[in-house]
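In what follows, a structure is listed as structure tokens, so that the remarks can point back to it.
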Amino acid sequence: MANNGPFRGRTIAVVNDLSRDEQLYLYKKTAELKKKYLAGEDCSDFQLNDPDCAAYLMFLENSTRTKESFRNAALFHNVRMNNFDASTSSFKKAESFADTVKMLFGYSKNSLFIMRTPEEGVCRALEEELAVYAEKLGREKPGFINGGDGKHEHPTQEFLDEFSFLEQKNWDSHSIHIVLTGDLYHGRTVHSKVDGLKIFDQVKVDLIAPPELALPESYEGRMIRNGFKVRKFRSIEEYLTQDDVADIWYFTRLQLERMGDKILDKAESLRESVTFQERFMDKLPKGSRFYHPLPRHREHPVIPSFLDKTVLNGWDEQSINGFYTRIVEIAMVGGKIGHDFTGAPPREESVRDDYIEAVPVTRKSRVQDRYKVGIKPVDEGIVIDHIASGEDIGEIWDRINRIRQILGLNYRSSHGVFHTSDSSKYKGIISLPDILELEQKDIKMLAAVSPGCTLNFIKDQSVLEKFRLHMPPRIYNFDEISCKNEICISHPQNHQHVGTMFTREGESFVCHYCQKKYTFKEIWNR
Ligand code: CP
């Protein structure tokens, strides 16, 4: 078996863990494998054939296709296939994911974990935890493949979907016009489309769902930012009153098990708006094809069974494609293939610690001149100025209190709310006489709590140095922040000991694990 390649040991937690070029490579290799396999030719150039390698199937939610296609793919590879039975495991004794996986990792030379979990962001958290653990042991880190996490993502379903669309389009990746319909709110296979459809140069997406099942705004916003043309309709009936109808339709089932009672009461009417009916047939463009990640509800399928034997049926072949794409995914992360890959890797997140900006000290820096109202003039020490400048007074006090609490400023000191140079606006000031320096971690916390404030170092009643603090690109491991998504692996109530981490994206903060987006105020615990 090969021991390297650009994909070896990689984790696929979200679609973007493979770059566009890498996804196209996966589809090209899958087409090669499928052709050989169906022709009964030798496929050993795809095969890991390594009994020292263990593939663990850890499915904590029900599955047929994902689990069975991965199980058969692992058998194809002739690796040790372990079907981890969560229902009779020590998970039932409240064992953490990390403890469980570390132990399994110790049982083989190379391991790959394929996971389906109700919690979101599990593969990302385990990838990071196990990388540290493996390094400590001097071993190669294991890879993780996300087989669906909560309502977050289902990247390997996305890869088989896109492969199926490309097959249908005879490998033309110039453009796609696609309907996404069904439960767009809970459907992780739909959420993964936001990134997976980027393999097409031009993307037109028609979203069909009643408001209760609509795609969350954050995903719709990302589609628009990706350059997709997005239109929205409340029902298939409404959609078909206009002429610009897509030829690729992607249906998803209503995830009633994830819905509250209020929505369940409306299940019948919601289902009707996203269920295809015979009378719609003549509205479809020639060559149309329907897809569905499956399973279909046997009593209330959104693609009714009368369509099974028609040319619209793309979903049966789509589900079979899961076997081929997953063989190739294992071949890639197992290092068997990839040596001929020449494209671009995923874009490295550039995280620059650029949150401290030196500000020139002006002539008007005499402390007596600057901090005379209510704040004791500081001979020597630190003044934190421009706290929440321009915000309303309540917010400024709130911010001052938070800074004092988080930085533990239990010193002889003073603070208050004052006018800015514009007398219609206010700002907060904290004065810390005799404090001569702050630790870097405290400066970072201060930048996170009160971006825009200035840090003034005073000596002999003059400002010696002045820095403006900006929001850090990443905020993590403060006790005072947490992801508010209860099914995120980092949510404190899940007790998985995964530290909180947010990445700044423009004005928003995105959870590193479940990718839920927050405003600055929302990340703080009240
Ligand atoms: N499409 C899909 O994930 O199916 P399973 O739930 O059967 O794995």
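Coordinate-derived values only; no laboratory data. Quantities reported herein were computed from a predicted structural model and do not represent experimental measurements. Note that we place each Cβ from the backbone using ideal geometry, even for glycine, and neighbour counts take in every protein chain shown.
Data overview
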| item | result |
| --- | --- |
| Loop-resident sites, segment 409-452, for chymotrypsin sites (Phe, Trp or Tyr not before Pro), counting at most 16 other Cβ within 10 Å (DSSP) | 411 |
| Net charge contributed by nearby residues that have their C-beta within less than 12 Å of residue 455 (K/R +1, D/E -1) | -2 |
| Residue order, fewest to most surrounding Cβ atoms within 10 angstrom, among 30, 88 | 88, 30 |
| Computed over segment 356-469: relative contact order in percent, which uses C-alpha pairs under 8 Å that are six or more apart | 41 |
| The chain - mean residue ellipticity at 222 nm from DSSP helices (-39,500 (n - 2.57) per run, n ≥ 4, rounded to 500) | -8500 deg cm²/dmol |
| Relative contact order [Cα under 8 Å, 6+ residues apart], the chain, whole percent | 15 |
| Reachable lysines from residue 141, criterion Cα separation under 24 angstrom, eight or more residues apart if same chain | 67, 102, 109, 336 |
| Rounded Å value of the spacing that divides the Cα centres of segment 379-413 and segment 417-476 | 8 |
| Under 5 Å, built H, 5+ apart or other chain: amide partners of residue 516 | 511 |
| Neighbourhood net charge (13 Å Cβ-Cβ; Lys/Arg +1, Asp/Glu -1) for residue 395 | +2 |
| Amide proton proximity set for residue 81, modelled H, under 5 Å, gap of 5+ | 55 |
| Those chymotrypsin sites (Phe, Trp or Tyr not before Pro) in segment 48-124 that DSSP places in a loop and that have at most 15 other beta carbons within 10 Å | 107 |
| Cα-based shape type of segment 121-169, given that a ≥ b ≥ c are square roots of the gyration tensor eigenvalues and the cut on a/c is 1.5 | oblate |
| Gyration tensor (alpha-carbon) shape descriptor, segment 269-333, a/c threshold 1.5 | prolate |
| 5 angstrom amide H check on residue 252, placed H, neighbours 5+ away | 181, 182, 183 |
| Segment 474-518 - percent relative contact order, Cα under 8 Å, separation 6 or more | 33 |
| Partner lysines for residue 229 [C-alpha distance under 26 Å; skip if fewer than 8 residues away on the same chain] | 151, 169, 193, 198, 204, 283, 286, 516, 517 |
| Rounded if a/c under 1.5, otherwise prolate or oblate - the chain, Cα gyration tensor axes | prolate |
| Coil-residue trypsin sites (Lys or Arg not before Pro) of segment 78-144, DSSP, other Cβ within 10 Å capped at 13 | 109 |
| Span-rule helices in the chain, defined as complete DSSP H runs reaching 15 Å or more along the axis (Cα) with Kyte mean at least 0.0 | 122-137, 315-333 |
| Reachable aspartates and glutamates from residue 466, criterion Cα separation under 17 angstrom, eight or more residues apart if same chain | 354, 357, 369, 379, 380, 385, 434, 437, 439, 442 |
| Vicinal HN-Hα couplings computed from phi for segment 494-499 (Karplus, 6.51 cos²θ - 1.76 cosθ + 1.60; Hz; Gly/Pro x) | 7, 6, 9, 6, 9, x |
| Estimated vicinal HN-Hα couplings, Hz - segment 451-459 in sequence order (Karplus 6.51, -1.76, 1.60; Gly, Pro = x) | x, x, 6, 10, 10, 10, 9, 10, 9 |
